[in-house]
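See structure below.
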């Protein structure tokens, strides 16, 4: 598993993938976070990880972990800004917000 991730510029993950990465040793000696509903269990999967419970996401050099679904969206926008700048991040965030609004309206109309 280390070889698989060795060539990536950034490793980003959400929720329970943190447990898998911790168990495999990828997160050893790194700071990380994970889903709060199973945080204690996730911590047991990687005793060499510096777990940060009060965080939506944690950026430790090239490993970025998040604590849930909505935090994962925020983390993704953070990574986009880090790689491509605020303008690109803002553009994508606005498009995603517009898409979510249209989807919500369609669902409301469909269920009426």
Residue in the stretch 101-112 that is outside any helix (DSSP H, G or I) and within 30 Å of residue 29 (Cα to Cα) present: no
So residue 55, is it modelled with pLDDT under 85 and out of contact with any strand residue (DSSP E or B) (no Cβ under 8 Å at 6 or more places or on another chain): no
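Rundown of residues vs (1) touching a strand residue (DSSP E or B) at 6+ places or on another chain (Cβ under 9 Å); (2) in a strand (DSSP E or B), yes/no style:
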position	(1), (2)
21	yes, no
26	yes, no
34	yes, no
44	no, no
48	no, no
59	yes, yes
73	yes, no
80	no, no
Residue that is surrounded by the fewest Cβ atoms within 10 Å (Cβ to Cβ), among those in the stretch 30-48 that are touching a helix residue (DSSP H, G or I) at 6+ places or on another chain (Cβ under 6 Å) and farther than 22 Å from residue 82 by Cβ: 45
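The values are calculated or read from the model by the stated rules, or taken from the named source; none is laboratory data. From a predicted model like this one, the values you see are computed outputs, not experimental measurements. Note that each Cβ is placed from the backbone with ideal geometry, even for glycine, and that neighbours are counted across all protein chains shown.
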